[in-house]
Structure formats: C-alpha cells, structure tokens
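Chemist: Dropping a structure here in structure tokens format, bear with me for questions.
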Amino acid sequence: MADYKMEAAKAAIKLIQPGQTIGLGAGSTIAALLALLAAEGSLAASLTLVSSSFKTTSLIREYGFNVQSIALTKSPDIYFDGCDQFDIELNALKSGGGIHTSEKILASLAAEFILIGDAGKFVNKLDATYPLVIEALPAALQLVQYQLFNHFPDAKINLRMGDKKDGAAISDNGNMLLDVYFTKLIPLDELNVLVKMVPGVVEHSLFYRMATRAIIAGPEGVRIMKPEY
Ligand code: 5RP
C-alpha cells in the first residue's frame with residue numbers, strides 16, 4: 001500500500017532551502033519528513049530546526065540536526081505540521097497531541113505555515129469528528145468548565161486524563177486539557193474568539209485561517225492547496 005504520508009513529506013522537503021530555519025510539529029508525517037531530511041546530508045547540516053513537540057525534538061537530536069528552542073526563535077522560514085482535520089480555508093483542528101499552544105506559537109512566528117499529511121485529513125468544512133481541545137490554567141479549571149458549559153450546553157466537556165499516571169493529563173506548560181465534543185460546530189470565526197475570551201484559557205486547538213498552504217497525498221497523487229476564503 002502507498003505511503004501517502006511519505007509522499008506528502010517528499011513534496012514538502014522540496015520547499016526547504018539551504019540555511020533556513022524550519023519549524024516542525026508532531027506526528028508521523030513530520031517523522032517521515034525528518035527521515036528524508038536525515039538522508040540529505042548537506043541540506044540537513046545547513047538548517048536550524050525548532051519543534052513544538054518533545055517527541056519530534058528528541059528525534060531531531062537523535063539525528064544530530066542543529067536545534068533551537070522556541071523561545072529563541074525569531075521567525076522560522078517555514079513551519080510544517082500535521083493535523084487531525086482541515087478544510088478548504090485551511091482551518092485546522094490539532095487536537096490529539098495536546099500541544100497546540102506551542103504549535104500555534106510556531107505557526108504564528110513562521111513566514112509560512114504548511115499543513116502536511118494524507119488526503120484523509122481534508123474535508124470541505126470542519127466538522128465535529130474531533131474535539132476542540134482547550135489548555136486551561138489549573139486555577140481556572142472550574143471557571144473554564146462553567147463558562148464552556150454556558151456557551152455550549154449541548155457539548156460534552158471532558159477533562160483529559162493521564163494514560164500511565166493517576167489523575168489529569170498535564171500539558172507541556174503545566175496546565176489542564178479539556179476535550180470539548182460538539183454535536184455541531186458553531187461558525188469558526190465565533191468559536192475562535194469566544195473560547196479564547198474565557199479567563200484562564202491559554203489556547204485552543206482550532207487553527208483559524210492560519211495555514212498558508214497544505215500538502216496532501218492520496219490515491220489521486222500529491223495536491224498543494226492554498227486557502228480559499
Ligand atoms: C495532533 C496533531 C498532529 O500533528 C497530527 O495528529 C499528526 O498526524 P499524522 O501522524 O497523521 O501526521 O495535530 O494534534
């Protein structure tokens with residue numbers, strides 16, 4: 001069976017120029033891109049990499065690439081990342097990883113933010129398949145849950161729990177993660193602002209009109225998409 005993530009990664013690597021600073025997100029498509037970069041000795045050695053993901057950063061170190069912290073990164077030339085789902089405007093839900101705050105910081109710093117993945121990620125309009133994830137300050141947990149319930153009485157709001165630890169999953173920034181399962185999404189421009197305005201919300205996992213391109217691969221080949229507003 002064709003490896004569509006690898007096909008998308010092959011198209012993505014063609015956009016990288018020697019000497020650039022490249023941001024990388026999380027997931028298997030990003031891991032495929034890193035493996036390809038590792039095979040490009042001189043290009044790889046010329047790059048500075050920065051990642052929003054602990055796992056990807058560990059891989060970057062294993063490969064021996066130059067790596068920089070997000071705090072010291074001014075403007076990556078390109079930030080590549082996967083997503084759970086994206087639409088025709090390149091709005092994306094990046095919910096599974098629970099690291100959307102760092103991902104949004106890098107996506108906003110970068111000159112270009114490019115989504116990569118297999119064609120199964122694309123839908124015409126984002127739907128309620130995936131939850132919206134909200135990173136919230138621990139002290140604001142009750143307030144955030146209460147205000148979310150008031151805004152979205154039909155939604156199911158779950159505190160994300162740890163897998164191999166008793167209690168809540170703690171984000172990379174020491175915060176709580178709330179998975180909000182909607183029956184139907186409200187207009188994305190409203191959702192984007194409404195959730196962000198709740199006191200104690202650090203960030204949510206909707207990337208509204210942030211991506212500049214998407215590279216997807218599927219049975220019909222590789223497609224490079226631009227946002228259609
Ligand atoms: C999680 C994400 C990841 O980037 C995404 O899940 C990675 O997907 P894949 O492994 O298919 O490349 O946004 O929130």
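Bear in mind that the values in this text are calculations on the coordinates, not laboratory data. In this text, all values refer to a predicted model and were calculated from it rather than measured experimentally. Note that each Cβ is placed from the backbone with ideal geometry, even for glycine, and that neighbours are counted across all protein chains shown.
Chemist: Considering only C-alpha atoms, what is the centroid distance from the range 209-229 to the range 116-147, in Å?
Modeler: Cα centroid to Cα centroid, the span is 21 Å.
Chemist: May I ask you to derive the FRET efficiency for Ala45 and Leu159 from their Cβ-Cβ distance with R0 = 41 Å, giving the value to the nearest 0.05?
Modeler: Computed FRET efficiency for Ala45 and Leu159: 0.40.
Chemist: Taking 8 Å as the Cα distance limit and 6 or more residues as the minimum spacing, I'd like the relative contact order of the chain as a percentage. Intermediate results must be reported in sequence, preceding the final value.
Modeler: Working: 481 pairs, mean separation 52.6, N = 229.
It rounds to 23 percent for the chain.
Chemist: For a quick check of your reading of the filter: which GluC sites (Glu not before Pro) in the range 1-88 sit in a DSSP loop and have no more than 16 other Cβ atoms within 10 Å? Let's see the in-between values first.
Modeler: On the way: sites: Glu7, Glu40, Glu62; in loops: Glu40.
Loop-located and lightly packed - Glu40.
Chemist: Now for a separate question. Would you calculate, for the chain, the mean residue ellipticity at 222 nm contributed by helices, counting each DSSP H stretch of 4 or more residues as -39,500 (n - 2.57) and dividing by all residues, to the nearest 500?
Modeler: Working: 7 runs with 67 residues, N = 229.
Helices in the chain give a 222 nm mean residue ellipticity of -8500 deg cm²/dmol.
Chemist: Okay, moving on. In the range 74-149, which trypsin sites (Lys or Arg not before Pro) fall in coil by DSSP and have 15 or fewer other Cβ atoms within 10 Å? Walk me through the numbers on the way to the answer.
Modeler: Working: sites: Lys74, Lys94, Lys104, Lys121, Lys125; in loops: Lys74, Lys94, Lys125.
Those that pass, being in a loop and sparsely packed, are Lys74, Lys125.
Chemist: Could I ask something else about it? Taking all pairs of different Cα atoms in the chain, averaging 1/r and flipping that mean, what Kirkwood radius in angstroms comes out?
Modeler: Working: mean 1/r = 0.0552 Å⁻¹.
18.1 Å is the Kirkwood radius here.
Chemist: Further question: Where the centroid of each part is defined by its Cα atoms, how far is the range 28-51 from the range 82-101 in Å?
Modeler: That distance is 22 Å.
Chemist: Here's a follow-up. Quick one: angle between helix 28-38 and the longest Cα principal axis of the chain, in degrees between 0 and 90, rounded to 10, please.
Modeler: 20 degrees
Chemist: If I model a spin label at Tyr146 and Glu62 as a point 7 Å from the Cα along the Cα→Cβ vector, what separation in nanometres do I get?
Modeler: Distance between the two pseudo-spin positions: 4.6 nm.
Chemist: Considering the chain as a Gaussian network with a 10 Å cut-off on Cα pairs, which listed residue, Gln142, Gln20, Gln68, attains the greatest mean-square fluctuation?
Modeler: Gln142
Chemist: Which value, in debye to the nearest 20, gives the size of the charge dipole of the chain about its Cα centre, when Lys and Arg are +1 and Asp and Glu are -1 at the Cβ? Walk me through the intermediate numbers first.
Modeler: On the way: 20 positive and 24 negative charges, 42 e Å.
It works out to roughly 200 debye.
Chemist: Shape call for the range 132-205 from the C-alpha gyration tensor, a ≥ b ≥ c root eigenvalues: rounded (a/c under 1.5), prolate (a/b greater than b/c) or oblate?
Modeler: Details: a/c = 1.89, a/b = 1.56, b/c = 1.22.
It is prolate, given that a/c is not under 1.5 and a/b is the larger ratio.
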